[in-house]
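The values are calculated or read from the model by the stated rules, or taken from the named source; none is laboratory data. Everything quoted here is computed from the prediction, not taken from an experiment. Because the Cβ atoms are built from the backbone with ideal geometry, glycine has one as well, and the counts that use them run over all protein chains shown. When the accessible area is computed, the model is the full protein with side chains, heavy atoms only, and any ligands, DNA or RNA have been set aside. Shrake-Rupley method; radii C 1.70, N 1.55, O 1.52, S 1.80 Å.
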Amino acid sequence: MPADDLDGDSSSDEDTDMLDVDFEFFDPQPDIDFHGLKALLRQLFDIDNTRFDISALADLILSQPLLGSTVKSEGNETDPWAFLTVLNMHIHKDKKVIQDLRDYLLSKASTSPPLSPLPKLLDASSSAQVGLILTERLINVPSQIVPPMYTMLLEEIQWALAENEPYNFSHYLILSKTYTEVASKLDAEDSRPQKKKKAKADTTTLYFHPEDEVLQKHALGFASYDYSSQGDEGAADAKRAFQDAGIKPQGHMILIEASKFEPAVKAVVEYIGAAS
């Protein structure tokens, strides 16, 4: 995959200093990207990342360098700022890390009626070919990098199929993250009236990845789920990110039939292009 340049948001005004950044797209490279990819995977799985062999998962992603992409800003030899890839959960079903992921995702889907088709699709006897899409990016990396990554993935899957590679998926399962706002313990401990107003929280689901809202419009089912591990008390306050309320991250799954995936990607391209 040739490296392409993508300019970051270069707009600026008198109140905000904006940094102009050139982003480049690369194939995943085992000799360079292992540690950076592990860091992004830990971020993706959040507090539940210790439940999986993240090193094994990174190795599996890097074992298919012609599928998926990384995004960097300071040259090929640096750590990626973002990545996107797809793993065939049927082909890799005997690998321990995929078995652990399968069991974990099924346990979350079991409490979410919109994801009720997933257990049958991931059953060992099923002929379904589920492509697990993993993607993450550092905070403040603009969403403009998303359309090229998904567009290139579509192209790479077509090239792989032409070479009889095992990427003839029946479904795609996108693993992502959402969050809700929770009342801040710090504000609750402060008795001043102006602070009490900030203790209120909004239970609306919010998205770390805005493209997820578009993708799920084309989905067979989607749902957010609570993480299995429990964070330290006050962790939500630590993730306030300059907001009045605390933040409660959750995992998120989007299940899309293969026939709906390309239209979903095109919708993402249009949505982010219109918002740029």
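In a DSSP loop and with at most 16 other Cβ atoms within 10 Å, there are no chymotrypsin sites (Phe, Trp or Tyr not before Pro) in region 17-84.
Mind grabbing the base-10 log of I(q)/I(0) for region 115-184 at q = 0.20 Å⁻¹? Debye formula, identical points on the C-alpha positions, no solvent, two decimal places. Result of the Debye calculation: -1.01. Of 72/120; 108/248; 72/217; 38/266; 95/217, which pairs sit farther than 26 Å apart, going by alpha carbon to alpha carbon? Too far apart for the 26 Å limit: 72/120; 72/217; 38/266; 95/217. Accessible area of residue 42 (1.4 Å probe, protein heavy atoms only, ligands and nucleic acids ignored): about 100 Å². For region 48-139, the per residue solvent-accessible surface stands at 42 Å², with DNA, RNA and ligands left out and a 1.4 Å probe.
Charged side chains reduced to their Cβ positions (Lys and Arg at +1, Asp and Glu at -1) give region 45-194 a dipole of some 420 debye around its Cα centre. Here the calculated FRET efficiency for residue 258 and residue 162, from their Cβ-Cβ distance with R0 = 25 Å, stands at 0.95, rounded to the nearest 0.05. Across every pair of non-identical alpha carbons in region 43-127, the mean reciprocal distance, once inverted, gives a Kirkwood radius of 14.7 Å. Modelled label positions at residue 106 and residue 66, each set 7 Å beyond Cα in the direction of Cβ, lie 3.2 nm from each other.
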